[in-house]
Amino acid sequence: MISRFAACLRRWAAFVALTLCTAPAFAACLSLPEDFNPIEFGSIAADGVEVGGGVRSIRFTLTLTCAPNGQGEPLARTLNYSSEFGPAPGMNLWATNLPGLALRMVRDGEDLGSKTEGVLGTHPGDGSAREFMIDMEVVKIGPVTPGFLLGQAFIVEASPVSGDPSHYVVRKHITSSYVRGVACTVNTASKHLVVPLGAVPASAFDGPGSTQASREFAIDLTCSPFGEARPTPLSIQLLGETVPGTTDVLKLLGDDAALGVGIRVLKNDAPVTLNTWHSLGDATVGATTLPYTAQYYQYGERVTAGAGDGVMTFLIEMR
């Protein structure tokens with residue numbers, strides 16, 4: 001009986017010793033539960049806002065507490081911020097996932113500019129609470145594409161110190177925010193179009209302005225509403241190097257290219273000026289097809305045989 005009690009006592013003593021030796025020394029930083037509430041701008045209308053103007057703003061406060069270490073001693077921590085968004089090129093703003101919209105971020109009255117990563121502040125690590133006031137403003141920086149505004153906009157992390165690891169304290173997500181209108185995406189099959197014009201004898205051309213090998217092609221879009229399907233102007237631009245002295249004749253590629261001839265694109269039988277925006281009217285919900293015709297076009301006095309390849313890029317813009 002005595003030996004069994006002694007054995008149990010030894011096991012209990014070992015358990016106590018193990019528990020005392022492994023007492024956690026991790027000084028965690030925490031945020032209030034309400035600090036995790038998402039940022040919601042709701043329905044955003046940017047049509048009447050000038051470029052550079054504020055569209056919508058919101059203010060929130062983060063209340064952060066950093067505990068002492070395992071021995072009850074204060075342990076100062078640096079609190080760093082970051083964002084899923086990068087800086088808006090050439091601006092003191094943060095980019096967003098929607099073209100035409102950026103964020104202006106202000107911490108306790110100080111504009112953070114284009115710094116999407118930096119020091120939010122320090123905490124003495126004594127168990128007290130420290131507040132940081134954040135102002136977030138949606139700014140119009142160009143033509144705005146309708147769609148959902150979303151992402152991890154503001155992330156706070158406590159830096160490592162005295163052997164304690166870094167750890168996330170709070171993440172602020174933008175949700176339930178969208179720009180009203182109709183947004184279009186290019187169908188997969190239309191993203192890399194090949195229009196075969198075939199082989200054409202140089203002798204088939206009969207002088208400047210003559211054409212050969214007209215081929216139809218189409219750019220297919222799918223357009224979806226975001227919120228109210230309000231009218232959304234749609235524009236297209238065809239980009240490519242033009243033949244000198246022309247605005248609508250695409251230059252052929254390569255040292256072995258045919259001379260005196262280029263490629264012209266037509267819409268409704270009219271030549272399309274390259275490197276210029278063209279209105280397509282308002283986008284409509286559903287499938288949209290943009291029909292075009294490509295053809296060889298003689299611009300020189302004579303055509304010399306050679307390769308007849310050309311490359312053109314198209315851009316679609318929703319304002």
Segment D47-Y168, extension gain: residue separation times 0.36 nm, minus the distance between their alpha carbons: 39.8 nm
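Which FRET efficiency value, to the nearest 0.05, is calculated for N275 and T188 with the Förster distance at 22 angstrom and r the Cβ-Cβ distance? Please list the in-between numbers first.
Working: r = 26 Å, r/R0 = 1.16.
Approximately 0.30, to the nearest 0.05.
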Farthest toward positive dipole pole in region 145-224 [+1 Lys/Arg, -1 Asp/Glu at C-beta], among V195, I155, T185: I155
Dipole of the chain, positive direction: furthest Cα of V119, P146, L290, with charges on the beta-carbon: V119
Burial order of peptide ranges 56-66, 273-283 (average beta-carbon count within 10 Å, highest first): 56-66, 273-283
Label-point separation in nm, N92 to S159, each point 7 Å along Cα→Cβ: 2.4 nm
Magnitude of the charge dipole, the chain, Cβ model with Lys/Arg +1 and Asp/Glu -1, debye to 20: 1000 debye
For region 79-137 versus region 232-308, the gap between their alpha-carbon centres in whole angstrom: 45 Å
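Sorting check: for 231-242, 137-148, which peptide has the highest mean count of neighbouring beta carbons within 10 Å, and how do the rest follow? Kindly include the intermediate steps, with their values, before the conclusion.
On the way: 231-242: 17.3, 137-148: 20.0.
Ranked from most to least packed, the peptides come out as 137-148, 231-242.
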Cα-based Rg / Dmax (Å) for region 25-179: 17.0, 59
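May I ask you to order 30-42, 74-86, 192-204 by the average number of other C-beta atoms within 10 Å around their residues, highest value first? Before the final figure, lay out the partial values.
Details: 30-42: 13.8, 74-86: 18.7, 192-204: 11.2.
Ranking the peptides 30-42, 74-86, 192-204 by packing returns 74-86, 30-42, 192-204.
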The chain - Rg (one decimal) and Dmax (whole number), Cα, Å: 31.5, 118
FRET efficiency for L259 and D282, using Cβ-Cβ distance with R0 set to 30 Å, rounded to 0.05: 0.10
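For S57 and V119, calculate 0.36 nm times their separation in residues minus their Cα-Cα distance, and state this gained length in nm to one decimal.
Working: separation 62, 0.36 × 62 = 22.32 nm, distance 2.25 nm.
Taking S57 through V119 to full extension adds about 20.1 nm, to one decimal.
Any chance you could list the semi-axes, whole Å, largest first, of the equivalent ellipsoid that the Cα gyration tensor gives for region 183-318, using √(5λ)? Provide the component values of the computation, followed by the final result.
On the way: eigenvalues 213, 37, 29 Å².
That gives 33, 14, 12 Å for the three semi-axes.
Do you know the Lys pair count in the chain for C-alpha distances under 30 Å, with sequence separation 8 or more or different chains? Present the calculation step by step, with values, prior to reporting the outcome.
Working: K115/K140; K115/K172; K140/K172; K140/K191; K191/K251; K191/K267; K251/K267.
Final tally of qualifying lysine pairs is 7.
Throughout, read-outs are computed from the coordinates displayed, never taken from laboratory work. All of these numbers come straight from a predicted model, not from anything done at the bench. Here Cβ is always computed from backbone atoms with ideal geometry, including for glycine, and neighbour counts include all displayed protein chains.
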